[in-house]
């Protein structure tokens, strides 16, 4: 019987079916990433529509992260217990509903906040869901590569959000753009229903083991075990630092910074930002493959953090950089920071095997917290600097200078350097843990 089950498992993880299942789940991650970065290309339109300042608007937009981050604690448990299909389909529909709500009226900023809340709630199932599906249908030797490839698709979604969506916003307005996003989400939900099959036998056995552990202890025991592991927090912070160029700069403040410092149009700024995403798109699969190839998790993350920190310090400290040079530096930074994908694999390697979903989700939570805290912090710093200037110049107009944006965003290289230092406290996980089943 044992020999037969092992044969079934081996056959089930080959062929076109695993790729089709992973691809359909990865489409959801691509979609939710377009929705995540949408405010970056409609920031000024939203300021005008809701009649609020940058600090208030960024706090409302960050509602996405306020629910996304804590949900990771629950998402991991849910995937370990119920699997992919029953969670990914309703999550996709939730994101679609979140896109509709802000278009219902601009009399109150609450409509935007509620919409972003639902977008974040549904999106919280995205990346972990794709990785979970990968661990079910693919052999362990390919997980780091698939983690990178999944991230690459997210970057493709970000590029589409920064370039294509910016043109759609300019053409039909931000409200119609969100309505188009909602329709896309509904279509994607039907695709997931069709393509994701019933869980295979080996996954059902793993769930039974998880439920047995749950009965013996408590379903929170696994979560507490992951949270009590110091390596979870170290790995999560390093991942958050590496992801900060996207969550802070590319997803929200980058276009505003480039427009103010380089004095270019929104489309030109969005094109420059897309180079950061492009670097991630190309670098993510390579980073995952290279980590598996060299058998190291720690080194790629360390060098990615320290070198990208130097690049961003250079870009902020020397603002008089031609746009094409800035675009090239952003591309290189994207290549370097893409080593963040290794943090998910290192996270569940550093924890017990049957808690892989919980571990990956917890790492994702910590990464999101780092970005979620820094987004409104930059907005607050910009507001304080603008208010100080109004007092000095005896004017009632709140405005920020290029130097304000440079000073506020200096927290980006600082946290990247702290991430590199944190790598020194990481334990190498690859050699001692090369089987995830």
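Just a few scattered comments:
- Unique residue being within 12 Å of the chain's Cα centre (by Cα) and either over 17 Å from residue 38 (Cα atoms) or part of a helix (DSSP H, G or I) (or both) when the list is 252, 246, 227: 246
The rows are residues; the columns are (1) in contact with a helix residue (DSSP H, G or I) (Cβ under 7 Å, 6 or more places away or on another chain); (2) in a helix (DSSP H, G or I); (3) buried (at least 17 other Cβ atoms within 10 Å of the Cβ); (4) at pLDDT 85 or above.
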residue	(1), (2), (3), (4)
3	no, yes, no, no
11	no, yes, no, no
17	no, yes, no, no
20	yes, yes, no, yes
25	yes, yes, yes, yes
30	yes, yes, yes, yes
35	yes, yes, yes, yes
46	yes, yes, yes, yes
58	yes, yes, yes, no
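- Applying the criterion of at least 1 residues that are modelled with pLDDT of 80 or more and over 18 Å from the mean Cα position of the chain (by Cα) to the helices (runs of 4 or more DSSP H) found wholly in segment 128-210 leaves 165-172, 174-195.
Each row is one residue, and each column tells you yes or no for (1) assigned to a helix (DSSP H, G or I); (2) modelled with pLDDT under 95; (3) touching a helix residue (DSSP H, G or I) at 6+ places or on another chain (Cβ under 7 Å); (4) buried (at least 23 other Cβ atoms within 10 Å of the Cβ).
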| site | (1), (2), (3), (4) |
| --- | --- |
| 87 | yes, yes, yes, no |
| 90 | yes, yes, no, no |
| 94 | yes, no, yes, no |
| 111 | yes, yes, yes, no |
| 114 | yes, yes, yes, no |
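- Of all positions in segment 298-316, none carries a residue that is under 17 Å from the mean Cα position of the chain (by Cα), at pLDDT below 90 and on the phi < 0 side of the Ramachandran plot.
- Out of 284, 333, 291, sole residue that is touching a residue at least 60 places away in the same chain (Cβ under 8 Å), part of a helix (DSSP H, G or I), farther than 18 Å from residue 418 by Cα and within 18 Å of the chain's Cα centre (by Cα): 284
The values are calculated or read from the model by the stated rules, or taken from the named source; none is laboratory data. None of these values were measured; they are calculated from a predicted model. Note: ideal-geometry Cβ built from the backbone for every residue, glycine included; neighbour counts use all protein chains shown.
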